[in-house]
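The values are calculated or read from the model by the stated rules, or taken from the named source; none is laboratory data. This structure is a prediction, so every number in the text was calculated from the model and none was measured. All Cβ positions, glycine included, derive from the backbone under ideal geometry; neighbour counts span all protein chains shown.
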Amino acid sequence: MSALNWKPFVYGGLASITAECGTFPIDLTKTRLQIQGQTNDAKFKEIRYRGMLHALVRIGREEGLKALYSGIAPAMLRQASYGTIKIGTYQSLKRLFVERPEDETLLINVICGILSGVISSTIANPTDVLKIRMQAQSSTIQGGMIGNFMNIYQQEGTRGLSSFTCGLAGALASNPVDVVRTRMMNQRVLRDGRCCGYTGTLDCLLQTWKNEGFFALYKGFWPNWLRLGPWNIIFFVTYEQLKKLDL
């Protein structure tokens, strides 16, 4: 077996960070749209944004352009770990199955993709909690990434940190689950273990549907969908350019 090639890990991480920085304001509007209108949380009950463009303009005007990048530090940390591990692991796993690229099959690529996605999501998704909370509460949240991580632990304990595992579902499913994932990650957990709004994933899904209607599960769909194209274009262009450097 050949030695582990470190280049896909580094290139994947750098390309992911570049793509994240280029599309982050769109991701922030998705989070804001997904958390608004919750009847069981007074802080997010008001419908402040009519859509993606309205959210971009209003956030920039009322909170400043800097607010459009609230949560960028944990987002970059997530991509540094998630992108690095996912791309690097995917390439390494393929080399375990086949020696030559021409011997690859669709089944092998699917298996390697699933395994690398699960591994990278499990390791990297703690930073998603920080990113979503900083995106959702940029006007009230204080301190940087490390300070907010410690704040979650001090105020909510390990139960608050347990919401880190929710991020895996968002990588495996569609927009309704992404709405649930965002709301679960954004809610606080009290020191006695009780949740402030939703008791679990299914409860969040049912309450959102019951209180706000079925289409509430598709809040943030447009920025979520529109972000995918630019993100992947930036990622693959950057990744291919890094490969040409032949470091």
For the structure I just gave you, tell me whether LYS86 is modelled with pLDDT of 90 or more and within 15 Å of the chain's Cα centre (by Cα).
no
Do we find a residue being among the β-branched types (Val, Ile, Thr), modelled with pLDDT under 85, surrounded by fewer than 20 Cβ atoms within 10 Å (Cβ to Cβ) and not in a helix (DSSP H, G or I) anywhere in segment 42-58?
no
Residues of segment 2-12 that turn out to be over 17 Å from LEU228 (Cα atoms) and modelled with pLDDT of 80 or more, as a count
6
Helices (runs of 4 or more DSSP H) lying entirely in segment 65-142 (those with 1 or more residues that are of a type outside the set (Phe, Trp, Tyr) and closer than 18 Å to GLY22 by Cβ)
72-97, 126-136
Subset of segment 2-32 that is out of contact with any Phe, Trp or Tyr (no Cβ under 9 Å at 6 or more places or on another chain) and hydrophobic (A, V, I, L, M, F, W, C) - its residue that is surrounded by the fewest Cβ atoms within 10 Å (Cβ to Cβ):
ALA3
Note on segment 197-247: residues more than 21 Å from TYR49 (Cα to Cα) and either outside any helix (DSSP H, G or I) or of a type in the set (Asp, Glu) (or both) are GLY197, TYR198, THR199, GLY200, ASP203, GLU240, ASP246, LEU247
